[in-house]
1. Which members of the range 165-209 meet the condition of being of a type in the set (D, E, K, R), more than 16 Å from LEU74 (Cα to Cα) and in contact with a helix residue (DSSP H, G or I) (Cβ under 6 Å, 6 or more places away or on another chain)?
2. Across the range 1-43, what is the total count of residues that are in a helix (DSSP H, G or I), among the hydroxyl-bearing types (Ser, Thr, Tyr) and touching a residue at least 24 places away in the same chain (Cβ under 8 Å)?
3. Go over the candidates ASN208, ASN123 one by one and state the one that is in contact with an Asp or Glu (Cβ under 7 Å, 6 or more places away or on another chain) and modelled with pLDDT under 90.
4. Mind checking which residues of the range 79-102 are part of a loop (DSSP other than H, G, I, E, B) and under 23 Å from THR145 (Cβ atoms)?
5. Name every residue in the range 8-57 that is modelled with pLDDT of 95 or more and of a type in the set (Gly, Ala, Ser), in order of residue number.
6. Answer with yes or no whether LYS158 is at pLDDT 90 or above, among the basic types (Lys, Arg) and not in a helix (DSSP H, G or I).
7. Just to be sure before I move on: is LEU142 among the aliphatic types (A, V, I, L, M) and surrounded by 13 or more Cβ atoms within 10 Å (Cβ to Cβ) in the structure I sent?
8. Please count how many residues of the range 145-168 are farther than 15 Å from ASN179 by Cα and under 11 Å from the mean Cα position of the chain (by Cα).
Amino acid sequence: MKIFKIGVSHQNILIRLLSIMFFYWLIFSLCVTLSHIFLPEGFLKGVNTGGKTAFSSNVIISTFQIFLYNVISLVAIIIGSLFAKRKNEKENFLSLGIQVLFVLAIIFGVTLGTNSFGVEVDNTSLVNKFLGLFSVFKYSALWETTGLILFTTAFSQKALVLTTGKKTITKSIRKWSFNKNEVFLILIGLTLMIIGAFIESNSIIFLNS
């Protein structure tokens, strides 16, 4: 836990990015594996982002719909990033936005592990589920996940409500500012999520055709 906290709250944005990415994929992979083995197929269908949803047959409109749907995750991360806490003054503040991202890792992992997608697809082996993540021109997972990780990294040091032990201080939103590296991560993250939405839109239209 100490290594985890140091990494994901590090002041160096590159170390913070790599740490958040590592722990995201660790949690995600564990959830995919355990849910594939122990949970029934379709376990989360209808109760999460893997629930059955209807999208337009027009690829542009469908892309926009999927992107807006994914914005829910971004908003949750932003809201979480407004709050941060630490046990004492020797530690860096840990953003709740990072915790939101890791909750999403659990949800996405169980969704993949139990084949709980809204679009009906054949269940497959655990190995193929992981290999499918690298089909970047067919599936959106890597695009959208990387976008979320970049976005979270950029916002993870932007808390306005800071709690140290039992003491809480509040900062003015006027002090909210982003350096060039953070703006770069936000723009790249949003771009990757749009690309992911387009790829997912194409895949859904192809499966429904």
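1. Within the range 165-209, GLU200 is the sole residue that qualifies.
2. 4
3. ASN123
4. Within the range 79-102, LEU82 is the sole residue that qualifies.
5. SER19, SER29, SER35
6. Here the answer is yes, as LYS158 does meet what is asked.
7. yes
8. 5
The values are calculated or read from the model by the stated rules, or taken from the named source; none is laboratory data. Here the structure is a predicted model, which means the values were calculated and not measured. Backbone-built Cβ (ideal geometry, glycine too); neighbour counts: all protein chains shown. Note: accessible area is taken over every heavy atom of the protein model, side chains too, but ligands, DNA and RNA are not part of it. Shrake-Rupley method; radii C 1.70, N 1.55, O 1.52, S 1.80 Å.
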